[in-house]
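Please read the structure below before turning to the comments.
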Amino acid sequence: MSASPTLRRIWFELLFAIQFLTRVPVHSPPYEADALSRAVKFFPFVGLLIGASAAFLHSLLMPHLPRLVAALLVLAYLVYITGCLHEDGLADAADGFGGGWDRGQALLIMRDSRIGSYGTVALTLSLLARLLLISSLSLVHVAQYLVAAHVLCRWTTLPLSFYLPPAHAQSNDQIDGQGARIAQLTTRSTLILGTLFSFAVVVSVLRSRALAPISVAIGVTLFSALYYKRRISGVTGDCFGATNQLTEIAVYLCGVWTV
């Protein structure tokens with residue numbers, strides 16, 4: 001009987017992670033202030049679902065379409081299913097870091113809902129890079145790298161939110177919404193279990209090819225964290241999205257590089 005509330009809580013956390021990261025219609029769990037920070041543990045699992053569904057779509061399209069067209073439709077699906085969540089973060093981060101001369105200005109620009117020249121260029125390059133890299137992957141490995149990329153790119157939120165504080169909380173600015181809800185609130189057990197799960201999935205799908213994507217994901221996360229710490233003394237929700245996008249691209253690049 002005592003396990004029932006625990007299982008219900010875990011189920012609600014999973015639903016919240018799916019609801020936050022995707023446009024998939026799910027039953028809305030009861031609202032709790034710390035729901036997002038607890039749901040972070042399921043981000044890599046949601047990445048697995050997204051990557052697996054993209055791989056399945058690619059397998060359906062490839063017998064009928066040129067590789068570039070199939071890759072374009074898969075990319076369109078990925079953008080739609082995630083509601084441009086990470087693309088928005090990348091664009092805002094690029095505008096903030098590219099146009100902001102100091103910490104306060106960078107944070108102010110990130111708050112602006114309008115997209116600037118830096119954000120436009122970053123978003124264009126991200127979409128173009130993913131399109132070309134997915135279409136350039138070996139056909140026998142496309143599914144594996146789609147899964148690995150989407151697990152690892154969502155894993156990056158765990159170490160970033162474990163080690164970095166919310167950037168806005170250190171100033172008189174209004175507390176940043178999503179960033180402040182998970183920054184430095186991820187528990188050590190969540191980080192460890194999420195890391196073990198993510199790396200296990202990548203190893204299981206890529207086997208001997210797993211070392212490069214895992215190493216690259218760690219490297220992108222580390223350098224991102226150091227950059228965010230130096231520029232804005234913490235992390236925002238846009239920073240999570242930017243690192244997510246960079247890691248996805250880096251994993252695809254590993255797949256193309258090693259062919």
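The values are calculated or read from the model by the stated rules, or taken from the named source; none is laboratory data. None of the values given here were measured: they were computed from a predicted structure. For neighbour counting, all protein chains shown are included, and Cβ atoms are generated from backbone atoms with ideal geometry for every residue, glycine included.
Residue by residue, here is whether (1) under 17 Å from Asp92 (Cα atoms); (2) surrounded by 21 or more Cβ atoms within 10 Å (Cβ to Cβ); (3) modelled with pLDDT of 95 or more; (4) not polar (S, T, N, Q) holds:
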| residue | (1), (2), (3), (4) |
| --- | --- |
| Ile175 | yes, no, no, yes |
| Gln178 | yes, no, no, no |
| Val201 | no, yes, yes, yes |
| Ser208 | no, no, no, no |
| Pro213 | no, yes, yes, yes |
| Ala217 | no, yes, yes, yes |
| Ser224 | yes, yes, yes, no |
| Gly234 | yes, yes, no, yes |
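Please verify whether Arg9 is surrounded by 16 or more Cβ atoms within 10 Å (Cβ to Cβ) and either over 26 Å from Val147 (Cα atoms) or over 15 Å from the mean Cα position of the chain (by Cα) (or both), treating the condition exactly as stated.
no
Restricting to segment 77-109, and then to whatever is over 17 Å from Ile249 (Cβ atoms) and surrounded by fewer than 16 Cβ atoms within 10 Å (Cβ to Cβ), can you tell me which residue is nearest to the chain's Cα centre (by Cα)?
Gly83
Residue-wise test of (1) modelled with pLDDT of 85 or more; (2) crowded, with 18+ Cβ neighbours inside 10 Å; (3) under 22 Å from the mean Cα position of the chain (by Cα).
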site	(1), (2), (3)
Ser4	no, no, no
Leu15	yes, yes, yes
Gln19	yes, yes, yes
Pro25	yes, no, yes
Tyr31	no, no, no
Asp34	no, no, yes
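Can you tell me which of Ser117, Ser161, Ser135 is of a type in the set (Ser, Thr, Tyr), touching a residue at least 40 places away in the same chain (Cβ under 8 Å) and farther than 27 Å from Val26 by Cα?
Ser135
Of all the residues that make up segment 41-71, how many are at pLDDT below 95 and buried (at least 20 other Cβ atoms within 10 Å of the Cβ)?
Residues that pass the stated criteria total 1.
Within segment 155-173, which residues are hydrophobic (A, V, I, L, M, F, W, C), surrounded by 22 or more Cβ atoms within 10 Å (Cβ to Cβ) and either more than 30 Å from Val201 (Cα to Cα) or at pLDDT 95 or above (or both)?
Hits for segment 155-173 are Trp155, Leu158, Leu160, Ala167.
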